[in-house]
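Notes follow the structure.
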Amino acid sequence: MVKYLIKSVLMVILTMLAVVFIIFTINYFTPGDPVAIFFDFDYTEAQYAAKAAEWGLDQPFFVQFFNYVKNIVTRLDFGYSYYSGNSILSELSARFPVSLKLGLISVLLTVVIGVPSGIISATRQYSLLDYGVTFVSLFFAAVPGFWLSMIMILIFSSRLGWLPSSGLTDWTCYIMPVIASSAQYVASVTRQTRSSMLEVIRQDYIRTARAKGVSERAVIFRHALRNALIPVVTLIGLQAGAVISGSAIIEAVHSFPGMGSLMMTAINNKDYSTIQAVVLVLSAVVCVINLAVDTVYAVIDPRVEIR
């Protein structure tokens with residue numbers, strides 16, 4: 001396990017270096033002058049030269065790239081926003097915890113609702129309950145998150161006044177974004193759990209366990225569920241990466257101050273330095289989640305070897 005973790009961490013580092021180089025190169029050669037954008041195209045030559053020197057934009061490409069990586073590694077310094085002039089790290093520090101909390105609550109909701117619903121549906125196949133769970137999951141799997149957000153705002157904010165429609169003032173502001181972010185994943189996890197459970201409970205060792213007099217509860221949760229969870233964990237890992245990385249459209253609909261809305265604002269303002277930093281942080285999140293998912297595989301099923 002230790003050897004695997006060391007190899008995985010080294011692979012994550014190499015992946016992050018590749019991501020930094022690709023994004024930095026794209027931003028460097030993208031048309032547009034960050035200094036001119038900062039001054040709103042109203043500046044003197046002296047002002048331009050001073051700001052370019054302050055940001056290190058007067059240096060050659062590889063010097064800029066080396067300094068950028070060095071500042072991140074040694075000082076966790078992502079530079080300054082070309083649009084506002086503020087520290088990017090301060091923006092990330094304010095936005096990332098919001099997206100992280102949104103993502104964790106969404107994943108928790110997905111697990112608490114999706115997995116039990118899939119188990120119930122599989123163990124009562126072709127029953128009225130199974131048809132009901134399948135219908136609901138198919139419906140929400142087809143509903144876009146931003147549409148669900150707008151419908152909830154219309155009903156629960158505009159008509160009933162139960163929930164705030166936008167912003168982040170208290171815990172109730174999380175309710176609609178969490179539901180909108182997790183609805184499709186709850187449906188997908190329900191269907192995946194049902195499919196995996198149906199495949200597993202038809203195996204010979206399940207029949208053998210029942211023939212030996214093992215209780216149905218133990219058969220389902222101790223024998224069948226653990227073997228059916230591998231594809232489900234993969235799907236939950238994908239959700240965690242997507243939501244924590246920032247559900248940009250949903251955050252925009254609810255004016256939620258997370259990573260997604262930060263990315264959208266940076267794109268609209270052509271703030272390349274912020275885009276670069278956000279992509280780097282989100283790539284790190286995805287890499288860490290993939291590492292965690294691979295580790296969970298071995299915990300769920302000891303037959304899975306990680307080395």
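The values are calculated or read from the model by the stated rules, or taken from the named source; none is laboratory data. Just so we're clear, the structure is a prediction, and the values are computed from it rather than from any experiment. Positions of Cβ are generated from backbone atoms using ideal geometry, with glycine treated the same way; all protein chains shown enter the neighbour counts. Remember, those area values only see protein heavy atoms, side chains included, never the ligands or the DNA or RNA. Shrake-Rupley method; radii C 1.70, N 1.55, O 1.52, S 1.80 Å.
Among the residues of the range 5-27, is any free of Cβ contacts under 8 Å to residues at least 60 places away in the same chain, surrounded by 15 or more Cβ atoms within 10 Å (Cβ to Cβ) and closer than 22 Å to residue 284 by Cβ? No, the conditions are met nowhere in the range 5-27. Among the residues of the range 42-65, those that are open to solvent by 60 Å² or more (accessible area, probe 1.4 Å) and charged (D, E, K, R) comprise 42, 45, 54, 58. Return only the number of the condition from (1) out of contact with any His (no Cβ under 8 Å at 6 or more places or on another chain); (2) within 20 Å of residue 118 (Cα to Cα) that residue 206 does not satisfy. Going through the list (1) out of contact with any His (no Cβ under 8 Å at 6 or more places or on another chain); (2) within 20 Å of residue 118 (Cα to Cα), residue 206 breaks only (1). Any residue that is in contact with a Lys or Arg (Cβ under 6 Å, 6 or more places away or on another chain) and outside any helix (DSSP H, G or I) - is there at least one of those in the range 37-57? Looking through the range 37-57, none of the residues is in contact with a Lys or Arg (Cβ under 6 Å, 6 or more places away or on another chain) and outside any helix (DSSP H, G or I). The residue of the range 128-176 that is surrounded by the fewest Cβ atoms within 10 Å (Cβ to Cβ), among those that are part of a helix (DSSP H, G or I) and among the charged types (D, E, K, R), is 159. Are any of the residues in the range 220-228 in contact (Cβ under 8 Å) with a residue 40 or more places away in the chain and among the polar types (S, T, N, Q)? Yes, the range 220-228 has at least one match.
Of all the numbered requirements in (1) at positive phi; (2) touching a Phe, Trp or Tyr at 6+ places or on another chain (Cβ under 8 Å), residue 161 misses one, and that requirement is (2).
Could you go through the range 251-262 and let me know if any residue there is under 23 Å from residue 26 (Cα atoms), at pLDDT 80 or above and not small (Gly, Ala, Ser). Yes, there is a match, as at least one residue in the range 251-262 is under 23 Å from residue 26 (Cα atoms), at pLDDT 80 or above and not small (Gly, Ala, Ser). Here is the figure for the range 100-127: residues that are more than 30 Å from residue 283 (Cα to Cα), in a helix (DSSP H, G or I) and open to solvent by 50 Å² or more (accessible area, probe 1.4 Å) total 3. In the range 138-166, the residues that are closer than 12 Å to residue 176 by Cβ reach residues that are charged (D, E, K, R) and open to solvent by 60 Å² or more (accessible area, probe 1.4 Å) with C-beta atoms within less than 9 angstrom, at least six apart or across chains, in these pairs: 164/170.
With the requirement that a residue be part of a loop (DSSP other than H, G, I, E, B) and open to solvent by less than 60 Å² (accessible area, probe 1.4 Å), what does the range 66-93 give you? If the condition is that a residue be part of a loop (DSSP other than H, G, I, E, B) and open to solvent by less than 60 Å² (accessible area, probe 1.4 Å), then 77, 78, 79, 81, 82, 84, 85 are the ones that fit. Taking into account only those residues within the range 187-229 that are under 15 Å from residue 111 (Cα atoms) and β-branched (Val, Ile, Thr), which is surrounded by the most Cβ atoms within 10 Å (Cβ to Cβ)? Applying the filter and picking the extreme gives 190.
The set of residues in the range 79-126 being free of Cβ contacts under 8 Å to residues at least 12 places away in the same chain and over 26 Å from residue 265 (Cα atoms) consists of 108, 112, 116, 124, 126.
The set of residues in the range 243-268 that are open to solvent by 40 Å² or more (accessible area, probe 1.4 Å) and either assigned to a loop (DSSP other than H, G, I, E, B) or of a type in the set (A, V, I, L, M, F, W, C) (or both) comprises 249, 252, 253, 255, 257, 264, 267.
In the range 113-163, the qualifying residues are those that are closer than 21 Å to residue 197 by Cα and among the polar types (S, T, N, Q), and the one that is nearest to the chain's Cα centre (by Cα) is 137.
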